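Q: Before we start, here is the structure in question, set down as structure tokens.
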Amino acid sequence: MADHSHPPTAKKVLVAVGGQAIDAETVRLACRMTDPHGGKLYGVHIIEVNRSLPLGAVLDEVVEQLATEAQLTVETELVQARDTGPALVDEAVEWGADLIVMGLPYKRRFGEFNLGKTVPYVLKNATCRVMLFREHREHP
């Protein structure tokens, strides 16, 4: 029988950020999940080219500052793509990620909690482990 256990940290952690309020907490979680002995953090911000998102220095500030505080080697990348999900999966494969960490803002659509399309795509298609960090839900 194969041993499917994993160490508590990973050598190569890809963290997805999108310029949202949840980014800082997501990056902190990714830093904790990165092996402090030679682990690397890869911050990726996917910009979907078919819609306009504000391009700030959010990616560099959040990922690089927190990774530096955690004394981790860090790379960041701004990627333009038609769809975020396939782009994240491709980046993880290309970089050789052991783990993808994604933040999930608490969104509603038609009154119901909604995962959107990116998270289900990554969960279904990623070849490595995936960790979701869902934002705190406000009480009604």
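The values are calculated or read from the model by the stated rules, or taken from the named source; none is laboratory data. In this text, all values refer to a predicted model and were calculated from it rather than measured experimentally. Every residue, glycine among them, receives a Cβ derived from its backbone with ideal geometry; neighbour counts consider all protein chains shown.
Q: Quick test of your reading of the structure: Ala30 fulfils all but one of (1) assigned to a loop (DSSP other than H, G, I, E, B); (2) touching a residue at least 60 places away in the same chain (Cβ under 8 Å). Name the failing condition by number.
A: Condition (1) is where Ala30 drops out.
Q: So which residues in region 1-23 are surrounded by fewer than 17 Cβ atoms within 10 Å (Cβ to Cβ) and in contact (Cβ under 8 Å) with a residue 40 or more places away in the chain, if there are any at all?
A: Within region 1-23, His6, Lys11, Gly19, Gln20, Ala21 meet the criteria.
Q: Return yes or no: is Arg32 modelled with pLDDT of 90 or more, surrounded by fewer than 16 Cβ atoms within 10 Å (Cβ to Cβ) and under 15 Å from Gly103 (Cα atoms)?
A: Judged against the criteria, Arg32 is a match.
Q: Return the pairs, sorted by first residue and then second, in which the second residue is surrounded by fewer than 16 Cβ atoms within 10 Å (Cβ to Cβ) and at pLDDT 50 or above, the first residue lies in region 52-75 and is within 16 Å of Gly38 (Cβ to Cβ) and among the hydroxyl-bearing types (Ser, Thr, Tyr), the beta carbons are less than 9 Å apart, and the residues are 6+ apart or on different chains.
A: Close Cβ pairs (under 9 Å, with a partner that is surrounded by fewer than 16 Cβ atoms within 10 Å (Cβ to Cβ) and at pLDDT 50 or above) amount to Thr73/Gly38.
Q: So, one more: Which members of region 106-140 meet the condition of being free of Cβ contacts under 8 Å to residues at least 60 places away in the same chain, of a type in the set (Lys, Arg) and either in contact with a Phe, Trp or Tyr (Cβ under 9 Å, 6 or more places away or on another chain) or surrounded by 13 or more Cβ atoms within 10 Å (Cβ to Cβ) (or both)?
A: Within region 106-140, Lys107, Arg134, Arg137 meet the criteria.
Q: On the given criteria, is Val63 more than 12 Å from the chain's Cα centre (by Cα) and either surrounded by 12 or more Cβ atoms within 10 Å (Cβ to Cβ) or at pLDDT 85 or above (or both)?
A: Here the answer is no, as Val63 does not meet what is asked.
Q: Determine, yes or no, whether Gly103 is out of contact with any Pro (no Cβ under 9 Å at 6 or more places or on another chain), small (Gly, Ala, Ser) and either surrounded by 16 or more Cβ atoms within 10 Å (Cβ to Cβ) or under 20 Å from Ala10 (Cβ atoms) (or both).
A: Taking the combined requirement at face value, the residue satisfies it.
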